[in-house]
Amino acid sequence: MQALEAADPSLRTPDSPTARIGAEPGAQFAKHEHLVPMLSLANATSDAELAEWEQYEVRGHIGDAVDADGYSTELKIDGAAIALTYRDRRLVLAATRGNGFIGEDVTANVRTIRDVPAELVGDDVPPLCEIRGEVYMEYAGFEAMNAERVRAGEPVFANPRNSAAGSLRQIDPAATAARPLRFFGYAITIPAGASALPVATQTALLDALARWGVPVAPERQHCRTLAEVHAWAATVEHEVRARIPFAIDGLVVKVNALRLQEELGTQGASRKPRWAVARKFAPDIGETRLRDIRVNVGRTGALNPFAVLEPVELGGATVKLATLHNAAYIRDRDLRVGDVVQVVRAGDVIPKVLGPVATKRDGTERVWEMPSHCPACGTAAVQDEDDALSYCLNARCPGRRLEAMVHFASRDAMDIRGLSYARIAQLVEAALIEDVADLYRLQAADLEPLERMGAKSAANLEAALLASKGQPLSRLLFGLNIRHVGAGVAELLARRFGTLEALLAASEADIAAVRGIGDVIARAVRQWADDPGAQTVVEKLRAAGVRMDEPARAQADGPLSGKTVVLTGTLPTLTRGEATERLESAGATVTSSVSKKTSFVVAGEDAGSKLEKARTLGVEVIDEAELLRRLGDAP
Ligand code: IVH
């Protein structure tokens, strides 16, 4: 290939494999050269710095022209920047920012993010345009993912930004799909000479994005004057920030008129735009004393250490407790009881101890050790080699059971409305329930006599329990507290096996063969399925009439039911996502590699090794027109 490219340089493309030679090992993604560089912003950390920016960078160059349209003020989303190329309204490429000039082609991964439209809608979408924005995670998704990582013995992500960036760079798109990624758009870039933008201001640009079907961040403001920007920044920092479900690290203030943005251009060597600035907020970091480290037993039996702090004001709340994840987290930071520690809290994120302030030690601090026994039931704890956690293995441990039942009832699991932590503790206390299946034996008459319960709440709870019986298998699996099975894994398992019966009958190897599921998870699922205690609970749930299958996304009696199909190359009209969706709803299973079991391969332009393999194995190869015919499209 190198020789070919040397002989005819026009063959060399930015994503050529030869361009990757010499790159750092593990570079898995093709490089993508941005048509227009992705710049970073200058910062202003106070109103005074913001005023300075306006004075020198804006008015210094364009004078009072800025007063006509003012400023667009947007949330600065704390995620990973992404550039999406749309050709004839269809998403054809997604690239990370990289060094600003060359990023990585992460198209396959980005196609799994539901917020990113595969196709734009509207008459004024330019034929070729790049939409830029931020891939991010909501706090809830981020916390859930970290909790899963703790359980899997993997290092936790420090913040939603790192987890978003890391998730985009998964080798297997199925792994990206299992992460709760979201997207907001904030810019439209058109390559020089391609066409004109259909709008004249940034505020109108955001409106256009929203019209085209691109999610735009909430709480955007058109400010006429800098004074309005100052006031809005204070409101966002002190009020808005606390109520939005994702992390921001400030506001981006942009000169609103696009004509003026162009005129202002970039600042000398730094190449930062003059027309925009990041008005950053101070992070909510504080110092306080670590009074004690205590341990809580989690729903899977993991012993989770947490910090008891001298109360400290952070981000508008008093923080007294903070998570410490596991023993390794404490060891790695050399945290000692009695240390002065740095604590951070942003928005809804659970407060976190960053580390000790070692210079403030006086020698009275003491090194902490994981207790050798479960704090709830006193059973000797077991250290797990491969995931760095200590476990209480007593299936009857009251602490574990309580947590497990709380999880079962939680919103993302069986979603049993009105069944709070306190309520479950009360039911356990009254000896009305011992495991999750007992919940379904409860009747309004049993509940009514309880304290703080009345007839109305008892009836409501009974109705909520009944409704939860119809939850799909994916939620049931998530709710059952199987080690390493978070919401994403539960969904993969439910989709692959369809019924709980099929999953229970599957071998460890069958489970490990599911895309996105590895050996550790497969072993844990198999171990759970073999556990007599788990089997009893499953039987009780079945007897209570709890649903044990996943509503089929694929139509069992569709025109292609039972067929296994592989897509390769670029199809003339359908995107890969659309083709997959149409195939699945016709009953077919879409897989990524060709084998003798493949029913047929749909090949488009630039089909490569999969097409070759299909030919070698004698598997039928069809084109898009034939696929559409088989899907029932005329003629
Ligand atoms: S505009 C030329 N708007 O902040 C500047 N950026 O340092 C183009 N960001 O990596 C950026 N929210 O990914 C812009 N509403 C917003 C943003 C935003 C987050 C990120 C962006 C970039 C960084 C700028």
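The values are calculated or read from the model by the stated rules, or taken from the named source; none is laboratory data. As the structure is a prediction and not an experimental result, all values here were calculated from the model. Please note: Cβ atoms are built from the backbone with ideal geometry, for glycine as well, and neighbour counts cover all protein chains shown. Side chains included, ligands, DNA and RNA excluded: accessible areas come from the protein's heavy atoms. Shrake-Rupley method; radii C 1.70, N 1.55, O 1.52, S 1.80 Å.
In the range 251-263, how many residues are out of contact with any Leu (no Cβ under 8 Å at 6 or more places or on another chain) and either within 11 Å of the ligand (Cβ to nearest atom) or on the phi > 0 side of the Ramachandran plot (or both)? Break it down stepwise before answering.
First, pick out the residues of the range 251-263 that are out of contact with any Leu (no Cβ under 8 Å at 6 or more places or on another chain): 254, 256-257, 259-263.
Those left that are additionally either within 11 Å of the ligand (Cβ to nearest atom) or on the phi > 0 side of the Ramachandran plot (or both): 254, 261.
The qualifying residues number 2.
Within the range 121-135, residues that are among the hydrophobic types (A, V, I, L, M, F, W, C) reach partners that are within 12 Å of the ligand (Cβ to nearest atom) with beta carbons closer than 6 Å, at six or more positions or on different chains, in the pairs Cys129/Ile188; Ile131/Gly185; Ile131/Ile188; Val135/Gly79; Val135/Ala80; Val135/Ile82; Val135/Ala164; Val135/Phe183. Here Ala431 meets each of (1) in a loop (DSSP other than H, G, I, E, B); (2) surrounded by 14 or more Cβ atoms within 10 Å (Cβ to Cβ); (3) of a type in the set (Gly, Ala, Ser) with one exception, condition (2).
In the set Ala147, Ala81, Ala152, only one residue is away from the ligand (no atom under 14 Å from the Cβ), under 15 Å from the mean Cα position of the chain (by Cα) and among the hydrophobic types (A, V, I, L, M, F, W, C); that residue is Ala147.
What strands (runs of 3 or more DSSP E), lying completely within the range 523-635, carry at least 1 residues that are open to solvent by 70 Å² or more (accessible area, probe 1.4 Å) and in contact (Cβ under 8 Å) with a residue 12 or more places away in the chain? Give the derivation first.
Working: elements: 564-568, 589-591, 600-603, 620-622.
In the range 523-635, the matching strands (runs of 3 or more DSSP E) lie at 589-591, 620-622.
Listed conditions (1) open to solvent by 40 Å² or more (accessible area, probe 1.4 Å); (2) more than 16 Å from the ligand (Cβ to nearest atom); (3) within 27 Å of Pro191 (Cα to Cα) are all met by Tyr86, apart from (1). Where residues in the range 344-368 are under 21 Å from Met145 (Cα atoms) and among the β-branched types (Val, Ile, Thr), which of them is least open to solvent (accessible area, probe 1.4 Å)? The selected residue is Val353. Here the condition is being more than 12 Å from the ligand (Cβ to nearest atom), open to solvent by 30 Å² or more (accessible area, probe 1.4 Å), within 28 Å of the chain's Cα centre (by Cα) and charged (D, E, K, R); of Arg182, Arg220, it holds for Arg182 alone. Among the residues making up the range 303-316, those that are at pLDDT below 90 and open to solvent by less than 30 Å² (accessible area, probe 1.4 Å) are Val312, Leu314.
Within the range 42-66, how many residues turn out to be in contact (Cβ under 8 Å) with a residue 60 or more places away in the chain and hydroxyl-bearing (Ser, Thr, Tyr)? Can you show your working first?
In the first step, residues of the range 42-66 are kept if they are in contact (Cβ under 8 Å) with a residue 60 or more places away in the chain; the result is 42-45, 47, 50-51, 53-54, 57-58, 61-62, 65-66.
So of that shortlist, the ones also hydroxyl-bearing (Ser, Thr, Tyr) come out as 45.
Count: 1.
Does at least one position in the range 266-280 carry a residue that is open to solvent by 60 Å² or more (accessible area, probe 1.4 Å) and at pLDDT 95 or above? Checked against the condition, which is being open to solvent by 60 Å² or more (accessible area, probe 1.4 Å) and at pLDDT 95 or above, the range 266-280 yields at least one hit.
For Thr235, the test of being under 29 Å from the mean Cα position of the chain (by Cα) and part of a loop (DSSP other than H, G, I, E, B) is failed.
Could you tell me whether any residue of the range 479-493 is surrounded by fewer than 19 Cβ atoms within 10 Å (Cβ to Cβ) and at negative phi?
No, the conditions are met nowhere in the range 479-493.
Listed conditions (1) within 15 Å of the ligand (Cβ to nearest atom); (2) on the phi < 0 side of the Ramachandran plot; (3) surrounded by fewer than 21 Cβ atoms within 10 Å (Cβ to Cβ); (4) of a type in the set (D, E, K, R) are all met by Glu237, apart from (1).
Kindly indicate the residue of the range 29-45 that is among the small types (Gly, Ala, Ser) and more than 8 Å from the ligand (Cβ to nearest atom) and also least open to solvent (accessible area, probe 1.4 Å) among those meeting that condition. Walk me through it before giving the result.
Filtering the range 29-45 for residues among the small types (Gly, Ala, Ser) gives 30, 40, 42, 44.
Keeping just the survivors that are more than 8 Å from the ligand (Cβ to nearest atom) gives 30, 42, 44.
On the way: Ala30: 23, Ala42: 21, Ala44: 1 Å².
In this case the residue turns out to be Ala44.
Restricting the range 371-387 to residues that are among the aliphatic types (A, V, I, L, M) and surrounded by fewer than 17 Cβ atoms within 10 Å (Cβ to Cβ), the residue that is farthest from Gln426 (Cα to Cα) is Val382. A search for C-beta distances below 9 Å between a residue of the range 67-79 that is surrounded by fewer than 23 Cβ atoms within 10 Å (Cβ to Cβ) and modelled with pLDDT under 95 and any residue that is in a loop (DSSP other than H, G, I, E, B) and not hydrophobic (A, V, I, L, M, F, W, C), counting only pairs 6+ apart in sequence or on different chains, returns Asp78/Asn159.
For the range 497-509, the criterion of being free of Cβ contacts under 8 Å to residues at least 60 places away in the same chain, under 25 Å from the mean Cα position of the chain (by Cα) and open to solvent by less than 10 Å² (accessible area, probe 1.4 Å) is met by none of the residues. Can Gly63 be described as at pLDDT below 95, more than 16 Å from the ligand (Cβ to nearest atom) and of a type in the set (Gly, Ala, Ser)? Yes, satisfied. Filter the range 89-108 down to the residues that are open to solvent by less than 10 Å² (accessible area, probe 1.4 Å) and in contact (Cβ under 8 Å) with a residue 24 or more places away in the chain, then identify the one that is farthest from the ligand (Cβ to nearest atom). Here the residue is Leu91. Does Ile248 meet the test of being touching a strand residue (DSSP E or B) at 6+ places or on another chain (Cβ under 9 Å) and buried (at least 21 other Cβ atoms within 10 Å of the Cβ)? Against the criterion (touching a strand residue (DSSP E or B) at 6+ places or on another chain (Cβ under 9 Å) and buried (at least 21 other Cβ atoms within 10 Å of the Cβ)), Ile248 qualifies. In the range 185-200, the qualifying residues are those that are outside any loop (DSSP other than H, G, I, E, B) and open to solvent by less than 40 Å² (accessible area, probe 1.4 Å), and the one that is nearest to the ligand (Cβ to nearest atom) is Ala187.
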